[in-house]
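Following: one structure in structure tokens, then a few remarks.
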Amino acid sequence: MKKVVKFGGSSLADAKQFEKVGKIIRADEDRKYVIPSAPGKRNSKDTKVTDMLYSCYALAQAGKDFTSMLGKIKQRYEEIIKGLKLDLSLDKEFEVIHSNFEKKIGDNYAASRGEYLNGIIMANYLGYEFVDPAESICFTEDGNFDADKTDELLSKRLAKTENAVIPGFYGAMPDGKIKTFSRGGSDITGSIVAKAIKADVYENWTDVSGFLVADPRIIDNPEVIQTITYKELRELSYMGATVLHEDAIFPVRKAGIPINIRNTNAPEDDGTWIVESTCHKPKYTITGIAGKKGFCSINIEKAMMNSEIGFGRRVLEVFEKNDISFEHVPSGIDTFTVFVHQSEFESKEQKVLAGIHKLAEPDSIDLEADLALIAVVGRGMKANRGTAARIFAALAHNNINIKMIDQGSSELNIIIGVKNADFDAAIKAIYDIFVTANL
């Protein structure tokens, strides 16, 4: 077997965490390809190295002295090297970084050095080959990830080595300029490497024992999801569940490679398996609950709307012209509602309303702000009658008014709209009716 293992910043924050990671990798000879993140926080008051690099480069960009800040970053790495008792110096690497900061080479380059330096330490610690992703992970001239070229180059490069460390988070443009993924992008690198080497498993090690049914900031000690499909994960990730970068799903999904979310601090836990499909019956009717605050609804009424061809298109055209994306569009015979992000809409609301009046000639338009959307997701809902009824009952019992309900044709998810103020209480009510009641 071949396994790709990615470790997050909290897993590599200091030498003790590095030692835990080393034990995990050495415990399974199939763990051949390692993707490290930059060192994360050692405690709640600490700063991530990536954030330190951004701050340091901002000083350089402003023409201010950044030497002291860069020295603090170097000290973080030297503490790790010393704690691991490695015969390794990063002096030359920091000289190059200092020179490039003076040249103001770019904030993508600055941010990527966290993973780059951690990758050098990890390769030295494990005795694995260091592979710089700038050589094989490609972006196009306009900054988009080039999946096909990357897969071709990375497959050839990694075919030459049995064990390798490939830093996460970045690659390079055609001219060699460093380009990063969005924050959390080391997850994407791990997925890309897994696809390139045709891995059997992609293990993503973090600081939680898998994907949780609900947000632990709202639910105390929520249950861990044992198995979740890519489709379910996509729905939950979109609605704010953040254990894994949502773009990390696509490369492995295409290749049919399962992802295993594991806990560096509790390696004995099975974690969560993310798979293409499964016949495993879920423990509960629902797989997970996730949501976001900060939406508003534009409620449009017009008599005989249902017989007016092109009405919906004309309304949505107004939002398109104003660069506003919509989330959901529930409708009735004479009503049409558009849910959008309130922050995107507020500055353009009068322009949008005027546009709707001009193109659609509605009888009335009513706005409602400070709304939240909650997704209740689960492949088990299809086989269980009365799921929506149980949600309604749970919310009604807790005096929570439902502003909107929308169910996809796949029967994989139900979206509920509530007031921002009812967000936490709604998630607790739904969790209790489906999970707590069945423990």
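The values are calculated or read from the model by the stated rules, or taken from the named source; none is laboratory data. The structure presented is a predicted model; accordingly, all values stated were derived computationally and were not measured. Quick reminder, even Gly has a Cβ in these numbers, built from the backbone with ideal geometry, and neighbours come from all protein chains shown. Ligands, DNA and RNA are excluded from the accessible area calculation, which covers all protein heavy atoms including side chains. Shrake-Rupley method; radii C 1.70, N 1.55, O 1.52, S 1.80 Å.
So for the range 47-162, averaging the separation of alpha carbon pairs under 8 Å that are six or more residues apart and normalising by length, what relative contact order in percent results?
Here the relative contact order equals 24 percent.
If you fit an axis through the alpha-carbon atoms of helix 15-26 and take the longest principal axis of the Cα set of the chain, what angle between them do you get, 0 to 90°, nearest 10?
Around 90 degrees separate the two axes.
Starting from the Cα of Leu367, step 7 Å along the direction of its Cβ; do the same at Asp220; then give the gap between the two resulting points in nm.
Here the answer is 4.1 nm between the modelled labels.
Would you calculate the volume per residue, in Å³, of the smallest convex hull containing every Cα atom of the range 1-157?
Cα-based convex hull of the range 1-157, divided per residue, equals 130 Å³.
For the range 134-279, what is the per residue volume of the convex hull drawn over the alpha-carbon atoms, in cubic angstrom?
Dividing the Cα hull volume of the range 134-279 by its residues yields 125 Å³.
Under the rule a/c < 1.5 gives rounded, and otherwise a/b versus b/c splits prolate from oblate, where does the range 174-230 land using the Cα gyration tensor?
Because a/c hits 1.5 or more and a/b fails to exceed b/c, the range 174-230 counts as oblate.
Give me Rg over Rh for the range 101-165, both radii from the alpha carbons and Rh done the Kirkwood way, two decimal places.
1.02
Using Cα positions and a limit of under 21 Å, work out the lysines in reach of Lys82, with same-chain residues fewer than 8 apart set aside.
Lys16, Lys20, Lys23, Lys41, Lys48, Lys72, Lys74, Lys92
Rounded to the nearest 5, what % of DSSP beta bridges with both residues in the chain are antiparallel?
Close to 65 percent.
Which net charge results when you count Lys and Arg as +1 and Asp and Glu as -1 among the other residues whose beta-carbon is under 11 Å from that of Asp91?
Around Asp91, the surrounding residues sum to -1.
At a threshold of 8 angstrom on Cα-Cα distance, excluding pairs fewer than six apart, so keeping six or more, what relative contact order does the range 308-439 reach in percent?
In percent, rounded to a whole number, it is 21.
So what are the radius of gyration and Dmax for the Cα set of the range 236-382, in Å?
Radius of gyration, then largest Cα-Cα span, for the range 236-382: 20.4, 62 Å.
Could you grab the relative contact order for the chain? Cα pairs under 8 Å, six or more apart, rounded to a whole percent. Let's see the in-between values first.
Details: 853 pairs, mean separation 57.2, N = 439.
In percent, rounded to a whole number, it is 13.
With θ set to phi - 60°, apply the Karplus curve 6.51 cos²θ - 1.76 cosθ + 1.60 along the range 332-348 and write out the HN-Hα couplings as whole Hz, x wherever there is a Gly or Pro.
Listing the rounded values in order: x, 5, 10, 10, 8, 10, 10, 9, 9, 5, 4, 5, 6, 8, 4, 6, 10 Hz.
What is the Cα coordinate range of the range 20-83 on the first, second and third principal axes, sorted by size from largest, in whole angstrom?
Per principal axis, max minus min of the Cα coordinates gives 48, 22, 21 Å.
Identify the residues of the range 260-302 with backbone N under 13 Å of a label point that sits 7 angstrom from the Cα of Ala396 along the Cα-to-Cβ direction, or state none.
Inside the label zone: nothing.
So which residue, out of Ile73, Ile218, Ile286, gets the largest mean-square fluctuation from a GNM of the chain using Cα contacts under 10 Å as springs?
Ile218
What does the accessible area per residue of the chain come to in Å², with a 1.4 Å probe and no ligands, DNA or RNA counted?
For the chain, the solvent-accessible area averages 47 Å² per residue.
Suppose we flag GluC sites (Glu not before Pro) only when DSSP calls them loop and at most 10 other Cβ atoms lie within 10 Å. Which is the longest uninterrupted stretch of the chain?
269-439
Just the projected area, averaged over all directions, of the convex hull on the alpha carbon atoms of the chain: how many nm²?
Taking a quarter of the hull surface, the average projection is 24.3 nm².
In the range 159-240, what percent of the accessible surface is made up of carbon and sulfur (1.4 Å probe, ligands and nucleic acids excluded)?
Details: 1390 of 3130 Å².
Percent of accessible area from carbon and sulfur atoms in the range 159-240: 44.
For the range 340-439, what's the radius of gyration and Dmax over Cα atoms, in angstrom?
Here Rg and the maximum Cα pair distance are 16.8, 55 Å.
Probe radius 1.4 Å, ligands and nucleic acids ignored: give me the carbon and sulfur share of the accessible area of the range 1-139 as a rounded percent.
46 percent
Once you sort the root eigenvalues of the Cα gyration tensor of the range 68-204 as a ≥ b ≥ c, which label holds: rounded (a/c under 1.5), prolate (a/b larger than b/c) or oblate (the other case)?
Because a/c hits 1.5 or more and a/b fails to exceed b/c, the range 68-204 counts as oblate.
Just to compare against my own numbers: the Cα pair-distance distribution for the range 63-107, 5 Å bins, whole % per bin, please.
Reading upward from the zero bin: 5, 19, 28, 23, 13, 7, 5, 0.
With the chain treated as a Gaussian network of Cα nodes joined by springs under 10 Å, which of Thr335, Thr229, Thr272 yields the largest mean-square fluctuation?
Result for the chain, Cα springs under 10 Å: Thr335 fluctuates most.
Which loop-located trypsin sites (Lys or Arg not before Pro) does the range 15-102 contain, where loop means any DSSP state but H, G, I, E or B and the Cβ has at most 11 other Cβ atoms within 10 Å?
Counting only loop positions with at most 11 other Cβ atoms within 10 Å, the trypsin sites (Lys or Arg not before Pro) in the range 15-102 are Lys45, Lys64, Lys85.
What's the extension gain from Asn43 to Ala266 if we count 0.36 nm per residue and subtract their Cα-Cα distance? It would help to have the intermediate numbers written out before the result.
Working: separation 223, 0.36 × 223 = 80.28 nm, distance 1.80 nm.
Gain on stretching Asn43 to Ala266: 78.5 nm.
At a 1.4 Å probe radius, carbon and sulfur cover how many percent of the accessible area of the range 334-419?
46 percent
Can you tally the net charge around Lys6? Count Lys and Arg as +1, Asp and Glu as -1, for every other residue whose Cβ sits under 9 Å from the Cβ of Lys6.
Numbers: positive: none; negative: Asp187, Glu203.
That sum, taken over residues with Cβ under 9 Å, equals -2.
Name the shape class, rounded, prolate or oblate, that the alpha-carbon gyration tensor gives for the range 221-292, where a ≥ b ≥ c are the square roots of its eigenvalues, rounded holds for a/c under 1.5, and otherwise prolate holds if a/b is larger than b/c and oblate otherwise.
It comes out rounded by the Cα gyration axes.
Using a Gaussian network model of the chain with C-alpha springs under 10 Å, which one of Leu12, Leu244, Leu84 is most mobile by mean-square fluctuation?
In the Gaussian network model the winner is Leu84.
Please list, or write none, the lysines whose alpha carbon is within less than 23 Å of the alpha carbon of Lys156, excluding same-chain residues fewer than 8 places away.
Lys2, Lys3, Lys6, Lys32, Lys177, Lys179, Lys195, Lys198, Lys254
Estimate the FRET efficiency between Lys149 and Glu129 by the formula 1/(1 + (r/R0)^6), using the beta-carbon distance for r and 22 Å for R0, to the nearest 0.05.
So, using R0 = 22 Å, E works out to roughly 0.50.
Roughly what angle does helix 349-360 make with the longest principal axis of the chain, taking Cα atoms, 0 to 90 degrees, to the nearest 10?
Roughly 50 degrees, rounded to the nearest 10.
Could you pull out every one of the lysines with an alpha carbon less than 18 Å from that of Lys403, ignoring same-chain neighbours closer than 8 positions?
Within reach: Lys292, Lys293, Lys419, Lys428.
Quote the FRET efficiency, to the nearest 0.05, computed for Thr436 versus Ala354 with a Förster distance R0 of 51 Å and r equal to the Cβ-Cβ distance.
The pair Thr436/Ala354 has a calculated efficiency of 0.60.
Looking at the range 312-412, which trypsin sites (Lys or Arg not before Pro) are DSSP coil and have at most 12 other C-beta atoms within 10 Å of their C-beta?
Those satisfying the criteria are Arg385.
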